[in-house]
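The values are calculated or read from the model by the stated rules, or taken from the named source; none is laboratory data. Just so we're clear, the structure is a prediction, and the values are computed from it rather than from any experiment. Cβ: placed from backbone, ideal geometry, glycine included. Neighbour counts: every protein chain shown. Side chains are part of the model used for accessible areas, which takes the heavy atoms of the whole protein and leaves out ligands, DNA and RNA. Shrake-Rupley method; radii C 1.70, N 1.55, O 1.52, S 1.80 Å.
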Amino acid sequence: MLISIVAPCYNEEDVLERFHQEVQKIADELLPLGHDMEFVYVDDGSRDRTLAVLRHLADCDSRVRYVSFSRNFGKEAALLAGLRHASGDAVVVMDADLQHPPELIKRMVELRGQGYDQVIAKRSRTGDRLTRTLTARLYYRLINRLVDVELVDGVGDFRLLSRRVVDAVLNLTEYNRFSKGLFAWVGFPSTTFEYENATREAGTSSWSFRSLLNYGLDGLLSFNNRPLRAALWLGMGLLLCAGVYTAWIVGAALVNGVQTPGYVTIITAVTALAGVQMVMLGVIGEYTGRIYYEVKGRPHFLVKATNVERTKDLIP
């Protein structure tokens, strides 16, 4: 069985060679068991010497295949490019910063042999800040009440995928991609095991609080239309409240005569309704913007350099 290692890279020059050495060791251990391996690296428009390191690795190891983007297109585009270029019977998706322990690949391969199409590594939150742990738990509890698939806390992109799962994911051509949700959406027999959280070997994470927030919103909006439905129900609720309030004002006028409305009441009502309208417009705008990107049909990424075959996303 040929196993493809897909590793997106962004400014990973300090750790990339170490990572490759570690996965090479795993490849050597799996070879006597009848498993060959290839390494697919995707340089997501790095600003350091990541591309130079990848070229050096390709010169030293014929199993290395690399793709370098013309600019930073984001991790979702890098994952898509890696899956498109992976030719293995099974594909292991993992980060190149060694936060995903390479030694777990052997366990994934063993579980794949038991018939599972997805073998998912779930990291513990040991060492995480308490605020981040609580925020993550709250987010997953909330999002699983809204989205059409189940998302598990601690489960990310680190997993083994069978060829039919890879092909199924590649057939999902939407521009706004949320891979964690796509992996859950395609289904197929899956199993999960837990591993201890690891720290980065070098460099700093490119995930800021704003990036994590946007990523969370992508997960919320990519797999349901409930925010739009909620806006509809909220509008109907406000309309009902307005009707009740109008009836109360008319009744009070008939009983007590016409009185001058209170200034505070008017300002509060106008401000509240304006805020609700802006929220509704924002929700509608998010979905409209996603439709806009889908309709334009732009490629997910453009390739600057590669040592593999030309793809349809390569600049002509």
Practice problem: Taking the residues in the stretch 80-103 that are touching a strand residue (DSSP E or B) at 6+ places or on another chain (Cβ under 6 Å) and not in a loop (DSSP other than H, G, I, E, B) as candidates, determine which candidate is nearest to Ile26 (Cα to Cα). | Solution: Val92
Quiz item: If Glu309 satisfies every condition in (1) farther than 24 Å from Ser179 by Cβ; (2) modelled with pLDDT under 70 but one, which is the exception?
Solution: (1)
Quiz item: Can you tell me which residues in the stretch 65-74 are more than 21 Å from Ile3 (Cα to Cα) and charged (D, E, K, R)?
Solution: Arg71
Exercise. Those residues that are open to solvent by less than 10 Å² (accessible area, probe 1.4 Å) and under 23 Å from Thr50 (Cα atoms), I need them from the stretch 87-96; list them, please.
Key: Val91, Val92, Val93, Met94, Ala96
Quiz item: Looking at the stretch 178-194, which of its residues are in contact with an Asp or Glu (Cβ under 8 Å, 6 or more places away or on another chain) and either on the phi > 0 side of the Ramachandran plot or part of a loop (DSSP other than H, G, I, E, B) (or both)?
Solution: Phe178, Phe188, Pro189
Quiz item: So how many residues does the stretch 56-73 have that are open to solvent by 10 Å² or more (accessible area, probe 1.4 Å), of a type outside the set (S, T, N, Q) and in contact (Cβ under 8 Å) with a residue 60 or more places away in the chain?
Solution: 5
Self-check item: Within the stretch 30-46, tally of residues that are among the hydrophobic types (A, V, I, L, M, F, W, C), surrounded by 18 or more Cβ atoms within 10 Å (Cβ to Cβ) and over 10 Å from Cys9 (Cβ atoms)
Solution: 3
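Every residue, every condition in (1) in contact with a Gly (Cβ under 7 Å, 6 or more places away or on another chain); (2) among the polar types (S, T, N, Q); (3) open to solvent by 20 Å² or more (accessible area, probe 1.4 Å); (4) assigned by the TED database to the domain that holds Lys106, yes or no:
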| site | (1), (2), (3), (4) |
| --- | --- |
| Asp14 | yes, no, yes, yes |
| His20 | no, no, no, yes |
| Asp28 | no, no, yes, yes |
| Asp48 | no, no, yes, yes |
| Lys75 | no, no, yes, yes |
| Leu79 | no, no, no, yes |
| Leu83 | no, no, no, yes |
